[in-house]
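Data block below; observations after.
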Amino acid sequence: MKIGTCQVSKNIDKYCIEDLSIPSIVLMENAAIKIIKNIDLSKFNSFVIICGKGNNGGDGFAVARHLHILNKNIEVFLIGGDNGLSKDCEINYRILKNMGIGVNSISNIEDIFNLRETLEKSDISIDALFGTGLTRKIEGIYNDVISVINENSKYIISIDVPSGFQSNTGKILGNCIRANKTISFELYKKGFLEYGSDKLLGDIMIEKIGVPEFVINKFHEREFMLDKELVKKSIRRRDVYGHKGDYGRVLIIAGSCGLSGAAYISTQAAVRSGAGLVTLCSYEEIQNILSNKLIEAMTISFKDGDKLFNLFNNSNAIAIGPGLGNNETTFQLVKDTILNSNCPIILDADGINVLKNNTDLLMKKSSEIILTPHIGEMSKITGISIEYIKEHRLEVAKKFAKKYSVIVLLKGYNTIITDGDEMVINPTGNSSMASGGMGDCLTGIIASFIAQGYTPMIAACISAFIHGYTGEKLSKRMFCVNASHVLEELPFIIKQIQNL
């Protein structure tokens, strides 16, 4: 699924109308039909449609016409009089009037009382006040109408975006509809990705309304949302003659006294997601403990310097950082890994933390690097506040990836994966997975898929999706999901996705 800004949507519409000669009223009619498709007409019979004067209001008038034709009970409201309607909005407004369908005007407090009473009696309220182009703060009668809709509706459907929602940033412009379902068109709006937007959007449906794919590709800025179908197509089926050498060698550099669990989880994740040979390098004090637990992986200690440097040269993927500790020894290990490795590197946890004030080291790499920070770690290495990153996650991740020519996987709600040019959002996972070790697990999965021959960007995307999807599946029968649960389920989920 493609993600886009308000400007991208405007450019697409403009091209369709001016260059392809697709009348804008045709796109509006297609949008109305798709909105009707997303309503359970067997269950709901009475509707209130509240319209503004722009094209979003025109969508609302067209939806009202279709509902009337389907013998549903409708009440239509227009804020202000019928002066100043957009061209297509006026066409659909006049059609309603010509059909004898009354349109209630909202101009004063008495009209708002009428709206409130009507909302209370209706099954569904349809918000067609403002679309993606809104930039000004909601004020005056519009503010009052939005509050009344929120307070008196049983169920709200918003057309394109909830009115008052800034479609690029996810910010509330003074006041905002709190929808139960948002039906948007062609592109997943960038603002939908921001923290807190789920409380305003409800269920999100993205519908096609007849825009040719080549037009979308012409203006689209290489920003995507992952889905099962894409991941399924990306996971290769194993050759009947395949052997362990065909599925890659992974080196995990992780763990320290008191943090051996991180080393175990990341190593076992690489094993359970299909890597051919996995070796853990850790401190000598915990090597024996981990050797007893990791019966399908090999272990060495940091004292085995020759073996470690040999693995730098002969591994297909290296992951470094989980549970190492934020100290000088870890920094030296990260530095040695970056300067001496011949394969892609995943930096996680303390492998990222030690780069604070040392990010120039990334410029000296000879292999591709993936960083997998959470917001706190991203703040540490960029010097940007956590609050700013929360509100500008896409921008911060993309700029950092571009500056250092790395891949950034910024963990959290709607995980971001970007190489600075392309950006992919992973929608899987939920708060049942909020526990220690989950990031270590993801790191091991990424290393495994890289070792199996996937490009670092594809491996990061596939791994993030599988990791979150596994947690989602488990959370249906579990209150909380731990990394150990994900480890057990991984091979089954990968096969399940492959066979979808």
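Among R178, R236, which is under 30 Å from I338 (Cβ atoms) and of a type in the set (K, R)? Talk me through it step by step, then tell me what you get.
On the way: R178 fails: under 30 Å from I338 (Cβ atoms).
Result: R236 is the single residue among R178, R236 that is under 30 Å from I338 (Cβ atoms) and of a type in the set (K, R).
Can you list residue pairs whose Cβ atoms sit under 8 Å apart, with the first residue in the range 32-47 being in the same structural domain as F61 (by TED's automatic domain parsing) and the second being modelled with pLDDT of 95 or more and among the small types (G, A, S)? Count only pairs 6 or more apart in sequence or on different chains.
A32/A62; S46/S122; F47/A64; F47/S122; F47/S125
Looking at L134, is it touching a strand residue (DSSP E or B) at 6+ places or on another chain (Cβ under 9 Å) and under 17 Å from I74 (Cβ atoms)? Write out each step before concluding.
On the way: touching a strand residue (DSSP E or B) at 6+ places or on another chain (Cβ under 9 Å): yes; under 17 Å from I74 (Cβ atoms): no.
No; evaluated as a whole, the condition is false for this residue.
Across the range 345-370, what is the number of residues that are over 14 Å from G321 (Cβ atoms) and either crowded, with 23+ Cβ neighbours inside 10 Å or out of contact with any strand residue (DSSP E or B) (no Cβ under 9 Å at 6 or more places or on another chain) (or both)?
The number of residues fulfilling the criteria is 6.
Can you tell me which residues in the range 458-497 are of a type in the set (V, I, T) and closer than 13 Å to G444 by Cα? Step through it out loud before you land on a result.
Restricting attention to the range 458-497, the residues satisfying the condition of being of a type in the set (V, I, T) are 458, 462, 466, 470, 481, 486, 493-494, 497.
Selection gives I462, I466, V486.
Hey, any hits in the range 414-432 for a residue that's farther than 22 Å from T470 by Cα, modelled with pLDDT of 95 or more, among the aliphatic types (A, V, I, L, M) and within 15 Å of the chain's Cα centre (by Cα)?
Yes, the conditions are met somewhere in the range 414-432.
Can you tell me which of I17, I36, I22, I49 is of a type outside the set (K, R) and in contact with a strand residue (DSSP E or B) (Cβ under 8 Å, 6 or more places away or on another chain)? Please lay out each step first, then the result.
On the way: I17 fails: in contact with a strand residue (DSSP E or B) (Cβ under 8 Å, 6 or more places away or on another chain); I36 fails: in contact with a strand residue (DSSP E or B) (Cβ under 8 Å, 6 or more places away or on another chain); I22 fails: in contact with a strand residue (DSSP E or B) (Cβ under 8 Å, 6 or more places away or on another chain).
When all the criteria are applied, what remains is I49.
For the range 51-141, list the strands (runs of 3 or more DSSP E) that sit wholly inside it and hold at least 2 residues that are touching a Leu at 6+ places or on another chain (Cβ under 7 Å) and surrounded by 13 or more Cβ atoms within 10 Å (Cβ to Cβ); which are they? Give the derivation first.
Values: elements: 73-79, 103-106, 124-128.
In the range 51-141, the matching strands (runs of 3 or more DSSP E) lie at 73-79, 103-106.
Considering the range 371-408 alone, what residues qualify as being over 15 Å from the mean Cα position of the chain (by Cα), more than 20 Å from G321 (Cβ to Cβ) and in a loop (DSSP other than H, G, I, E, B)?
Scanning the range 371-408 gives I384, S385.
The conditions are (1) assigned to a helix (DSSP H, G or I); (2) out of contact with any Gly (no Cβ under 9 Å at 6 or more places or on another chain); (3) under 23 Å from N30 (Cα atoms), and E229 fails exactly one of them. Which is it?
With (1) assigned to a helix (DSSP H, G or I); (2) out of contact with any Gly (no Cβ under 9 Å at 6 or more places or on another chain); (3) under 23 Å from N30 (Cα atoms) applied to E229, the lone miss is (3).
The values are calculated or read from the model by the stated rules, or taken from the named source; none is laboratory data. If you're wondering where the values come from, they're calculated on a predicted model, not measured in any experiment. Cβ coordinates were reconstructed from backbone atoms using ideal geometry, including for glycine residues, and neighbour counts include every protein chain displayed.
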